[in-house]
Amino acid sequence: MPKHPGPGGPPRGGFAKPKNLRRTLGKLMKYLGRYKLALCLVAVLLVVSSACTVGGSYLIKPLINDYILPGDFPGLARMLSIMAAVYIAGAACSFGYARIMVHISQNTMAKIRADLFDKMQSLPLKFFDVHTHGELMSRYTNDIETVSEALNNSFGSLISCSLNFVGTILMMLVLSPPLTLITFAVLAVMLLVVKQIGGRSRRFFAQQQKALGEVNGYIEEMIEGQKVIKVFNHESAAKEGFYVRNEAYRQAGTRAQIFAGVMMPAMGNLSYVNYAITCCAGAMFAIHGGGSFQLGDLGAFLQYTRQVSQPITQISQQVNTILSAVAGAERIFEIMETEPEQDTGKVELVHVSEARDGTITEAGYDTGAWAWKKPDGALIPLRGDVRFDHVVFGYNPEHVILKDVSLFAKPGQKIAFVGSTGAGKTTITSLINRFYEIQSGAITYDGIDVQEISKDSLRRSLGVVLQDTHLFTGTVADNIRYGRLDATDEEVEAAARLAGADAFIRHLPQGYQTVLSGDGGSLSQGERQLLNIARAACANPPVLILDEATSSIDTRTEKLIERGMDRLMAGRTVFVIAHRLSTVRNAKAILVLEQGEIIERGDHEDLLGQKGRYYQLYTGQAELA
């Protein structure tokens, strides 16, 4: 069954309190800094909106004292018009800043997504070895969505509520300091409630986010591993695993929503208590205040009393959302700050006809050839001579995989690796590509240390056919052209013919223009592998790496592609990781690996004559796996 992180692994999509709030906010502000003018306009609109909200309530005082009580109805109509204009202006400003923030938010998140995706393309394979698909996908889904929601609504609402709260308190002090003290006493109780309920709510929402990440990651892995699940009849185990995670998510979500749901009723009831106390006390002041505190003052103050508790609740909720967003942003920036794949190589792969070095014609290179260009301008023909010299490698320094491995493959030779699973066969081919760096020894390519060759140039000179095929959504031709994006249709078809894939492609509904989806699920495993081989043929590299390329192809299909593979391998250096020993009989040299060491080497007949490990594997006395 597909693996998933254990309890000690990083939470996928989970929420954690930001480790460095200031630093993460600073990084977000760098993205927002591209919209300085728009943000300044948002700030102005927020201030005007809050001023209209607070000022509109204050107009109740003259409305009652100067027009309603004296019975000045024309003046009342004018004042009502003014109040309407104030509130309309406030609403227009609120709408304006909300629209601008949506624009800023969506553009900012698009930039962050693009930067995150770009960064992932520069990360070494080791990074993806230790991070699951679900964990990485949660950065694009849960985390980015949380940040987007905060930018869309929470930041603007937090500032607006803060301005409204400060403005309301100031206006209450202007109207009646004694009544304001009564309101402060009730507000202190409200803040205590917010602290108690909000603290628990925040904790449970954190658990809910973490549980959501676990559920999403588990579902994604189960969908990817459906074939494996069904092959081993693990449906019950898969469902049980989901039930456990789903129940944890339900419990966390229930607790979070209970406390979140309690917040508003509690604050609402306290607000009513505050309103009733203020109303009674204000009425006494209006009756016995000697005219300094009138009915209009009480009406305006009561309106502020109703308003003052709303920002407190909203600020608490927005702070939770913003903290969650900052934690999500922190997880995104962690990937962006991950050390990229290092490449100090200066030797570049150039087409001889395109190079500008005067030694080209003197060297007599074929104009259709490729060569390695050194920093000093010297050209070395690309021939495909690969050598390992006492290479020691381990994915972790304390666990060595390859132990003092030395081998050579001269241009045009076919070298095969056989041995038990975990012996180090695939590791050797990964080191040729520099997917990983060796601990000691050296690997040379045409006499050049591979560490001196730029990784792009190195990998462009290599063609790899993996056992696990991967086809992209697009046409058959596009998938073959993935080997060389500038290949013409004729070159694509030639590559397919070379791999033996042309016949079945032409029987597809639209031939080479047939659209594949779902990793080519409508094709057989053999057909998918043929396209994989055609992709390598399209790249036309001088060195081929076949990682058990025919192990998933039936014998009939294998025979079908042997002639094409022979043509493809002609004149090229080829490394073959063999599952079927019958496919390596014609190899120039066969290397038998066990526990990271080469224990036998020679051609097919030599190894059979030695009657060692290869002889046991070939005659069935030992298992290859």
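The values are calculated or read from the model by the stated rules, or taken from the named source; none is laboratory data. Please read all numbers here as calculations on a predicted model, not as lab measurements. Counting neighbours? That spans all protein chains shown, and the Cβs are built from the backbone with ideal geometry, glycine included. Quick note on the areas: whole protein, heavy atoms, side chains included, nothing else; ligands and nucleic acids left out. Shrake-Rupley method; radii C 1.70, N 1.55, O 1.52, S 1.80 Å.
Just need a number here: residues in the range 252-298 that are at pLDDT below 80, closer than 20 Å to Pro62 by Cα and surrounded by 13 or more Cβ atoms within 10 Å (Cβ to Cβ).
So the count comes out to 1.
Sort out which residues of the range 299-321 are within 34 Å of the chain's Cα centre (by Cα) and open to solvent by 20 Å² or more (accessible area, probe 1.4 Å), and write them in order of number.
If the condition is that a residue be within 34 Å of the chain's Cα centre (by Cα) and open to solvent by 20 Å² or more (accessible area, probe 1.4 Å), then Gln314, Ile315, Gln317, Gln318, Val319, Asn320, Thr321 are the ones that fit.
Quick check on the range 235-243. Is at least one of its residues more than 27 Å from the chain's Cα centre (by Cα), open to solvent by 20 Å² or more (accessible area, probe 1.4 Å) and in contact (Cβ under 8 Å) with a residue 40 or more places away in the chain?
There is at least one residue in the range 235-243 that is more than 27 Å from the chain's Cα centre (by Cα), open to solvent by 20 Å² or more (accessible area, probe 1.4 Å) and in contact (Cβ under 8 Å) with a residue 40 or more places away in the chain.
Cβ-Cβ under 7 Å, sequence separation 6+ or interchain: first residue in the range 119-148 and under 26 Å from Gln318 (Cα atoms), partner at pLDDT 85 or above and of a type in the set (Val, Ile, Thr). Which pairs?
Cβ pairs passing all conditions: Arg139/Ile332; Arg139/Ile335; Asp143/Ile332; Ile144/Ile112; Ile144/Ile332.
Pick from the range 516-541 the residues that are in a helix (DSSP H, G or I) and small (Gly, Ala, Ser): which of them is most open to solvent (accessible area, probe 1.4 Å)?
It comes out as Ala539.
Every residue in the range 116-132 that is open to solvent by less than 40 Å² (accessible area, probe 1.4 Å), more than 10 Å from the chain's Cα centre (by Cα) and closer than 20 Å to Glu221 by Cβ, please.
Phe127, Thr132
Residue by residue through the range 589-604, note down the ones that are surrounded by fewer than 15 Cβ atoms within 10 Å (Cβ to Cβ) and in a loop (DSSP other than H, G, I, E, B).
Gln595
I'd like to verify a number: residues in the range 460-515 that are part of a loop (DSSP other than H, G, I, E, B) and charged (D, E, K, R), how many?
Of the residues in that region, 3 qualify.
In the range 217-234, what residues are modelled with pLDDT of 85 or more and open to solvent by less than 40 Å² (accessible area, probe 1.4 Å)?
Tyr218, Met222, listed by residue number.
Go over the candidates Gly384, Gly441, Gly377, Gly412 one by one and state the one that is at positive phi, open to solvent by less than 50 Å² (accessible area, probe 1.4 Å) and part of a strand (DSSP E or B).
Gly441
Which one of the conditions (1) under 30 Å from Arg99 (Cα atoms); (2) assigned to a helix (DSSP H, G or I); (3) at pLDDT below 90 does Gly75 fail to meet, given that it meets all the rest?
(1)
Would you point out the residue of the range 175-203, among those that are open to solvent by 60 Å² or more (accessible area, probe 1.4 Å) and touching a residue at least 60 places away in the same chain (Cβ under 8 Å), that is nearest to the chain's Cα centre (by Cα)?
Among those residues, the one meeting the criterion is Arg202.
Quick grid of which residues meet (1) more than 28 Å from the chain's Cα centre (by Cα); (2) over 25 Å from Leu581 (Cβ atoms); (3) hydroxyl-bearing (Ser, Thr, Tyr):
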site: Pro375; (1), (2), (3): yes, yes, no
site: Gly384; (1), (2), (3): yes, no, no
site: His390; (1), (2), (3): yes, yes, no
site: Lys410; (1), (2), (3): yes, no, no
site: Gly441; (1), (2), (3): yes, yes, no
site: Ser454; (1), (2), (3): no, yes, yes
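Restricting attention to the range 93-101, does a residue exist that is on the phi < 0 side of the Ramachandran plot, exposed (fewer than 15 other Cβ atoms within 10 Å of the Cβ) and either at pLDDT 90 or above or assigned to a helix (DSSP H, G or I) (or both)?
Yes: one or more hits.
Within the range 54-65, work out how many residues are open to solvent by 50 Å² or more (accessible area, probe 1.4 Å) and hydroxyl-bearing (Ser, Thr, Tyr).
Residues meeting the conditions: 1.
So in the range 66-92, with the set limited to residues that are under 30 Å from Leu151 (Cβ atoms) and of a type outside the set (Gly, Ala, Ser), which one is least open to solvent (accessible area, probe 1.4 Å)?
The selected residue is Val86.
Give the residues of the range 483-518 that are touching a Lys or Arg at 6+ places or on another chain (Cβ under 8 Å) and at positive phi, sorted by residue number.
The answer is Gly500, and nothing else.
Any chance you could count how many residues in the range 92-110 are among the hydrophobic types (A, V, I, L, M, F, W, C) and without any contact (Cβ under 8 Å) to a residue 12 or more places away in the chain?
Looking only at that region, the number is 3.
Would you confirm whether or not the range 46-62 contains a residue that is more than 19 Å from Leu163 (Cα to Cα), of a type outside the set (S, T, N, Q) and in contact with an Asp or Glu (Cβ under 7 Å, 6 or more places away or on another chain)?
Checked the range 46-62: at least one residue is more than 19 Å from Leu163 (Cα to Cα), of a type outside the set (S, T, N, Q) and in contact with an Asp or Glu (Cβ under 7 Å, 6 or more places away or on another chain).
Within the group Glu214, Glu135, Glu149, which residue is assigned to a helix (DSSP H, G or I), surrounded by fewer than 21 Cβ atoms within 10 Å (Cβ to Cβ) and under 18 Å from the mean Cα position of the chain (by Cα)?
Result of the check over Glu214, Glu135, Glu149: Glu149.
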